[in-house]
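First comes the structure, then the notes that go with it.
Every number in this text was worked out from the coordinates using simple rules, so none of it is lab data. On a predicted model such as this, the values are computed, not experimentally measured, just so you know. Ideal geometry is used to build each Cβ from the backbone, glycine not excepted, and the neighbour counts take in all protein chains shown.
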Amino acid sequence: MKKTFNLNIEGKNRDRVLEATKHEIRKYVKRQRRVPLPEGVDFWDFDCKFGTSKDNAEVVHFATITSLIDAVVNEGGDTFYLEMLAKDGVRTAKPSAPDSNEDEVLR
C-alpha cells in the first residue's frame, strides 16, 4: 500500500475520516496476513514509511504507525503519506542472558 490519505474531505466529519483511514490500514494488514506463507517463513512483516508527503517519508516501525497518525492529527495536518510493503519474516531465537543465581551458586 502506497497512499496519501486526505483527512479534510468536504462534507465529512474529520474524526470519521480519521477512523475510516485507520480502518482501511488495519483491513490491509489483516488481508496481507491471510496470504499463505512461503516455505521457511514464520510470519508476514511490513516495511513502513510515513511522512506528511511522499517526499519527506521516513522509515518507521510498524507498531508506531497509529501514534504517528495521531501526532499528525493533533498538529492539525491535512494529509499524510503511508507506505506499507509486506515482506517475509523469520523468527530468531533471543540470546540467553547468563543467570545471576548460577553465578552466586558457583562462588
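Below are the figures for this structure:
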quantity	calculated
Cα lying deepest toward the dipole's positive end in the chain, options Ala57, Val17, Val90, charges on Cβ	Val17
Angle in degrees between helix 65-74 and the longest Cα principal axis of the chain, rounded to the nearest 10	40
Size of the chain as Cα extents on the principal axes (Å, biggest first)	73, 36, 26
Interchain or long-range residues, amide H under 5 Å from Val60's placed H	Cys48, Lys49, Phe50
Set of lysines near Lys30 by C-alpha distance (under 25 Å), chain-local residues within fewer than 8 positions excluded	Lys2, Lys3, Lys22, Lys49, Lys54, Lys87
At R0 = 35 Å, FRET efficiency that the Cβ-Cβ distance of Gln32 and Ala97 yields, to 0.05	0.55
C-alpha long axis of helix 14-33 to longest principal axis of the chain, angle in °	50
Helix-only mean residue ellipticity at 222 nm for the chain, each DSSP H run of n ≥ 4 adding -39500 (n - 2.57), per residue, nearest 500	-11000 deg cm²/dmol
Spacing of the two label points (7 Å from each Cα toward its C-beta) at Glu39 and Asp88, in nm	1.1
